[in-house]
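Below is one structure, written out as structure tokens, with a few remarks after it.
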Amino acid sequence: MIPGDTWIPDDEQIRSLHRRLAPTAEAFELVYRHCQIVCRIAEQLLDRGGRRLDRQLVRAGSLLHDVGVYRLYDPAGVIDHANYVRHGVAGHQLLQELGWPERICRFCSHHTGTGLTRGDVIVQRLPIPVADYLPATEEEELVMYADKFHSKTTPPVFLTPEDCLTGLRRFGPDKAERFTALRTKFGDPDLAPVIGGHADR
Ligand SMILES: [Fe+2]
């Protein structure tokens, strides 16, 4: 059965997909946990901001946005850092192959930085098809924004708005400006309860 355009996968479907795609237990732990954290940040901002966004869609988008990372692991379980930027497009393709709706697939390809432009792809010689990858809906914007506050480094870390700005400035003043506009729109998350929470509710 091919899901219709408005179908949204539930938590269990998403979790089993992660389980199925993850090449190792460590990869699952790293990627799925990060997605859960991003989900919690996005939901908190949604609850506080009073915006009328589709909560179920934000939830699915947050939990799925990084599934493409699994495609970057080699058979030895080592991640291809040089091509890391490909994970967004890879995730989109992966969900498309499952027949999942475009609006779900887009969360993967439209969450990098504060949105990649065609110009970014060309100037930075990024290994992805030349196109604009800017969020088109507020749900996509929120997932992209929430993602900036947690990084899957070793060990994974939470980032303050100032940390995010410092990181984004390296890619140009327009990226920092874009982040500041998102801050004004969605607010700063309160990371303490997210850090203190249990990631596997
Ligand atoms: Fe992410």
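The values are calculated or read from the model by the stated rules, or taken from the named source; none is laboratory data. Being a predicted model, the structure only gives us computed values, none of them experimental. No Cβ is skipped: glycine too gets one built from the backbone with ideal geometry, and neighbour counts run over all protein chains shown. What goes into the accessible areas is simple: the full protein's heavy atoms, side chains included, and nothing from ligands, DNA or RNA. Shrake-Rupley method; radii C 1.70, N 1.55, O 1.52, S 1.80 Å.
Here are some notes:
- Some residue of segment 99-110 being of a type in the set (Gly, Ala, Ser), modelled with pLDDT of 95 or more, part of a helix (DSSP H, G or I) and touching a strand residue (DSSP E or B) at 6+ places or on another chain (Cβ under 7 Å): yes
- Here is the figure for segment 141-163: residues that are within 20 Å of residue 51 (Cβ to Cβ) and within 15 Å of the ligand (Cβ to nearest atom) total 9.
- Test: residue in segment 60-69 that is under 21 Å from residue 149 (Cα atoms), touching a helix residue (DSSP H, G or I) at 6+ places or on another chain (Cβ under 7 Å), part of a helix (DSSP H, G or I) and at pLDDT below 95: no
- Of all residues in segment 125-161, those that are in a loop (DSSP other than H, G, I, E, B) and at pLDDT 95 or above total 16.
- Test result for residue 44, within 14 Å of the ligand (Cβ to nearest atom), in a helix (DSSP H, G or I) and in contact (Cβ under 8 Å) with a residue 40 or more places away in the chain: no
- For beta carbons closer than 9 Å, sequence separation of 6+ or different chains, a first residue in segment 102-117 that is in contact (Cβ under 8 Å) with a residue 24 or more places away in the chain and over 20 Å from residue 71 (Cα atoms) and a second that is part of a loop (DSSP other than H, G, I, E, B) and basic (Lys, Arg), the qualifying pairs are 114/148.
- Scanning segment 125-157 for residues that are free of Cβ contacts under 8 Å to residues at least 24 places away in the same chain, open to solvent by 50 Å² or more (accessible area, probe 1.4 Å) and not basic (Lys, Arg) yields a count of 6.
- Search result, residues across segment 19-39 that are out of contact with any strand residue (DSSP E or B) (no Cβ under 9 Å at 6 or more places or on another chain), away from the ligand (no atom under 13 Å from the Cβ) and over 23 Å from residue 7 (Cβ atoms): 25, 26, 28, 29
- Filter pass, residue 13 being part of a helix (DSSP H, G or I), away from the ligand (no atom under 15 Å from the Cβ) and under 27 Å from residue 182 (Cβ atoms): no
- Of the criteria (1) more than 11 Å from the ligand (Cβ to nearest atom); (2) under 22 Å from residue 153 (Cβ atoms), which one residue 69 fails: (1)
- Complete set of residues in segment 97-140 that are acidic (Asp, Glu) and more than 16 Å from the ligand (Cβ to nearest atom): 97, 102, 120, 132, 138
- Residue match in segment 73-84 (condition: closer than 23 Å to residue 28 by Cβ, touching a residue at least 24 places away in the same chain (Cβ under 8 Å) and within 12 Å of the ligand (Cβ to nearest atom)): no
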